[in-house]
Amino acid sequence: MVIMLTAGQATASNQDVLAQYNMLSHSGALDDLEALRRENRELDMLITDAATLIALPSLPAMLDFIIGRVLEHFIPEFLAFVIEPPRGTRLTQFCYRNLKPTEEVIPLDCYRKVKAFFSEKPFATRFEAIPGDTSDYPGLAAYNPEMLFPMVGIGGLYGLVVLGRKVVGGDYTELERMYLDRLTRFLAVSIQNGLHHHSSITDAKTGLYTHDFFMRRLEEEIARMERHGNDSCTLMLDVDHFKRFNDSYGHLAGDEVLEAMASVLKSVMRTGDAVARFGGEEFCVLAVDCDETGAMEMAERIRVAVEQLRVPHEGQDLSVTVSVGVRMLDPGIEPKQLLDDADKALYSSKAAGRNRSTLFRAGLLGRAMMMRGALSSVQ
């Protein structure tokens, strides 16, 4: 059924609609409706951003994404992500000035004071709302922070986002603060997952990979080599006379040497390589995409770097040497057999006088040559 309106009725209807519109406009309801629409758009965007953020593989990638999203909303004078790792006392910091990376840092004592506050009230807050005077936080107050966002996980607070004032545009709007607060929460979950995963596959003392993770990585590399034919190798390292070293200088000095050695090993590794602590003073390296010549060159770089290492301890500069065994990967070889062979080459280095590198070769002739130390490098 079609209802026909006269011109007068249509005019009256339009006037009623206009009157209702004016009433809603004067009451502020339309403004509230528009605000709700904006908030819904922000929430939709936040959900999309959160899904992207959680899927990113590394902390630098996460922070690059955050910086890009913040840039679309505003530009802060200062922005810092302060992360407290599960092990150790050194903070990991990423600071930005006008969204460009800077070498500035927030002092550890300031972080600890703020952490104590957020441990009781784990919610975003203005810097001025933190108890005490700004002079109590000199290393933080210097950056003119506007807002502080705690990163909270299952184990409590383990990080902080510091937001400086806007470059332009006045104060932050409620939507802007809400967006960054919620994005920080998603970032906190993503970072904590990454930190716990990293802790589960690394050695607490040295930060190198664990034995179990290295074995999985070795299996993956053997499979990759079988598919693509790339050459790769395994290096087994052992600190020479380490028991004698500990007896002479103490186990604390020994721990310091192992940590320094771990830093040396990390410094010579390339993307795709892996280095693990196998227990005690023994380390293992997986070096990808290198032939026998490259494998021996890497072994020698490590050996010489360790030989030149000096570790200060109680007024002394301590030093150690390492013996190295090298084994190239073969298609179909079992990881255990690979490591056993590298270990044989390692002990050939020991038998030949230590502080040298030996390449494993299969067969009777290869074993005889290793026994004589003919393949050992010159000290």
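Some notes on this structure:
- Size-normalised alpha-carbon gyration radius of segment 37-201, reference 2.2 N^0.38 Å: 0.99
- Inter-part distance where segment 179-256 and segment 132-155 are each reduced to a Cα centre, Å: 33 Å
- Here's the picture: charge each Lys and Arg Cβ at +1 and each Asp and Glu Cβ at -1 in segment 37-201, and of ALA55, PRO76, VAL105 the one pushed furthest to the positive end of that dipole is ALA55.
- Stokes-Einstein D (µm²/s) once Rh is taken as the Kirkwood radius of segment 211-372 over alpha-carbon pairs, at 37 °C in 0.692 mPa s: 204 µm²/s
- 5 angstrom amide H check on MET151, placed H, neighbours 5+ away: TYR158, GLY159, LEU160, VAL161
- Residue-by-residue Karplus 3J(HN,Hα) for segment 143-150, coefficients 6.51, -1.76, 1.60, Hz, glycine and proline x: 8, 6, x, 9, 10, 10, 10, x
- Charging the Cβ of each Asp and Glu at -1 and of each Lys and Arg at +1, and nothing else, the dipole of segment 51-172 about its Cα centre rounds to 240 debye.
- With a Förster radius of 51 Å applied to the beta-carbon distance between GLU226 and GLU259, the computed FRET efficiency rounds to 0.90.
- Protection proxy ranking of 296-306, 170-180, 129-139 - average other beta-carbon atoms within 10 Å, highest first: 296-306, 170-180, 129-139
- Cβ-placed point charges (K, R +1; D, E -1), dipole of segment 211-372 about Cα centre in debye, nearest 20: 400 debye
- Packing-based ranking, highest mean first, of 60-71, 207-218 given that Cβ atoms within 10 Å are counted: 207-218, 60-71
Readers should treat all values here as calculations from the given coordinates under stated rules, not as data from a laboratory. Because the structure is predicted, anything quoted here is derived from the model rather than measured. Glycine gets a Cβ as well: all are built from the backbone with ideal geometry, and neighbour counts include every protein chain shown.
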